[in-house]
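Working notes, structure below.
The values are calculated or read from the model by the stated rules, or taken from the named source; none is laboratory data. In this text, all values refer to a predicted model and were calculated from it rather than measured experimentally. Every residue, glycine among them, receives a Cβ derived from its backbone with ideal geometry; neighbour counts consider all protein chains shown. Protein only, heavy atoms only, side chains kept; ligands, DNA and RNA dropped before computing areas. Shrake-Rupley method; radii C 1.70, N 1.55, O 1.52, S 1.80 Å.
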Amino acid sequence: MPSSPTGAPLSVVRLDLPLDAITFDAAIAAAPELRLSVHRAQGDDAATAQALAAAHIYHVSSARDDLPAPWFVNAALLQRCPQLLAVSAYGAGYDTVDVPACTAAGVAVLNQAGSNAAAVAEHTLGLMLGLCKRITESDRRLRSGERFARSDAIGRSLHGRTLGLVGIGHAGRRVAALAQAFGMTVLACDPLLDGAEILRRGAQPVALPQLLQRADVVSLHCPLDASTAGLFNEQAFAAMQPGALFISTARGGIHDEAALHAALLRGHLGGAGLDVWMVEPPPADHPLLKLGNVIATAHNAGVTREARVAMASMAAAQIIGLVRGEVPPRLVNPEVWPRMASRIRQALWESASSGA
C-alpha cells in the first residue's frame, strides 16, 4: 500500500490523560504520514469535538472512569467522526470502546494486549503473597500500636498450593510461570484455547467448576464482555474451597462485589486481593475496604513506568504500521480489515491530492 509522506498527514488525536506521552508523541511525530494533536478531556469540549470530527485515528484512554463520557467511542461519536479509520486504546483493555459499533462503521480497534503483562503478573503474585503472608494485616496492626504474638498473624506458604487461573492469555501465562517458580500447581480454564495450548502455557486445563473446587487461590485474567460480566457471583464464590483466596487484576464487573463481600464476611473465603472495581476508585466507605482480609489497590497492576513505556511504544508502532498497510498485531476486530484497508488507501490518496 503506498504511503503519502508528501501529502497532508493523517490526523492522530489523543486527550490530555495519563500515558507515557514522551514515548508516544515522539514516535508519532517521527512518522511523516501522521500529525498528532493533543486536546483537553475537560474544559474545552467544543475544540475537542472539532478535532475528533476531523481525526483519522483516535488514541483513547482505556479507563472508563478516567475518560469523560462524551469521548467514549460509541455509535454517536462515530457518527460525528466520519473520517475515523482506527481507534487505539491506551492499554490492554478497551472498556471505553463499542467494538461492534466500530466494526459496523469500518473502524479498526487496536489494543496493547501483552505490553503490560509482566507488570500485571508481578502485581498478582504480590497480592497472593500479601494475603498468604498477612503482610498488610501485620503492617496495620503494628502501626496501630497493637501488641500481638507472632502466632496471632501466622500465614500460609504458596508452595504446594493450587492456583486456578480464569483466563491464560498474556498476563495469565506469566502468572502461571511465576506460580510454578513458587512451587504451586497451576490449573486454568479459557474458552478461547484448547487443552493442548493451555498445557503449552504452563497449566493443567480444567473446566471452571473443577477449577473452583480444586483451587486454593483463584485469579482472574479474562476480559470483561457479555460472557464474563457477573461470572463470579454468589454461586461461584460458594463453589470455591472454604478458605480459598480470590484475586482479580482483570476488570471490575466480572465479580459481584456484594457477593464477594458476603462470602468473605461469613468466612467462606479466606481473603481477596482486588485491583479492579465497578467504580474506580471505589468510595472510601466501600464495604470491601472495611475488611481486614482484603488487599485493595487502585487499578494500577499494569501501571508501572516500564509498562507505560511499553504500551506507548506498541500503540505508536501499531498506528504507524496501520497507515503503511500492515495488519496490526493487536487488531481487536479483524473482520473489519478488508474494508479498513480500502478506507486507508482512500484517505492516503485524498491526503496526497490535498498536499499536491
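The table for this structure:
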| quantity | calculated |
| --- | --- |
| In segment 161-179, the residues that are over 18 Å from A196 (Cα atoms), without any contact (Cβ under 8 Å) to a residue 60 or more places away in the chain, assigned to a helix (DSSP H, G or I) and open to solvent by 10 Å² or more (accessible area, probe 1.4 Å) | L178 |
| Cβ-Cβ under 9 Å pairs, at least 6 apart or on other chains, segment 327-346 side under 23 Å from M311 (Cα atoms), far side part of a helix (DSSP H, G or I) and charged (D, E, K, R) | none |
| Selection status of R324, more than 18 Å from the chain's Cα centre (by Cα), closer than 29 Å to T103 by Cβ, buried (at least 16 other Cβ atoms within 10 Å of the Cβ) and of a type in the set (K, R) | no |
| Subset tally (residues that are small (G, A, S) and in a helix (DSSP H, G or I)) for segment 290-325 | 8 |
| Test: N116 is open to solvent by 10 Å² or more (accessible area, probe 1.4 Å), touching a Lys or Arg at 6+ places or on another chain (Cβ under 9 Å) and more than 25 Å from G325 (Cα to Cα) | yes |
| Hits in segment 129-165 - residues which are out of contact with any Ser or Thr (no Cβ under 7 Å at 6 or more places or on another chain) and either aromatic (F, W, Y) or under 24 Å from A307 (Cβ atoms) (or both) | L129, L131, I135, T136, F148, L158 |
| Every pair of residues 6+ apart whose Cβ atoms lie under 9 Å, when the first sits in segment 66-83 and is basic (K, R) while the second is assigned to a helix (DSSP H, G or I) | R80/A49; R80/L52; R80/A53 |
| Neighbours by Cβ (under 9 Å, 6+ apart or cross-chain): first from segment 277-296, without any contact (Cβ under 8 Å) to a residue 24 or more places away in the chain and of a type in the set (G, A, S); second assigned to a strand (DSSP E or B) and open to solvent by less than 30 Å² (accessible area, probe 1.4 Å) | A296/A272; A296/G273; A296/L274 |
| So E257, is it of a type in the set (D, E) and surrounded by 15 or more Cβ atoms within 10 Å (Cβ to Cβ) | yes |
| Pick from segment 72-90, criterion under 20 Å from the mean Cα position of the chain (by Cα) and open to solvent by 10 Å² or more (accessible area, probe 1.4 Å), ranking: farthest from P334 (Cα to Cα) | F72 |
| All positions within segment 130-154 that are surrounded by fewer than 16 Cβ atoms within 10 Å (Cβ to Cβ), charged (D, E, K, R) and assigned to a loop (DSSP other than H, G, I, E, B) | E146, R147 |
| Candidate set: segment 283-302, residues that are touching a helix residue (DSSP H, G or I) at 6+ places or on another chain (Cβ under 7 Å) and modelled with pLDDT under 95; chosen: the one surrounded by the fewest Cβ atoms within 10 Å (Cβ to Cβ) | G292 |
| One residue from S157, S227 being open to solvent by 10 Å² or more (accessible area, probe 1.4 Å) and either under 23 Å from G253 (Cα atoms) or not in a loop (DSSP other than H, G, I, E, B) (or both) | S227 |
| Residue under evaluation A30, criteria (1) touching a residue at least 24 places away in the same chain (Cβ under 8 Å); (2) surrounded by fewer than 19 Cβ atoms within 10 Å (Cβ to Cβ), criterion not met | (1) |
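Yes/no per residue for (1) more than 19 Å from the chain's Cα centre (by Cα); (2) open to solvent by 50 Å² or more (accessible area, probe 1.4 Å):
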{"site": "R64", "(1), (2)": "no, yes"}
{"site": "A92", "(1), (2)": "no, no"}
{"site": "T103", "(1), (2)": "yes, no"}
{"site": "E122", "(1), (2)": "no, yes"}
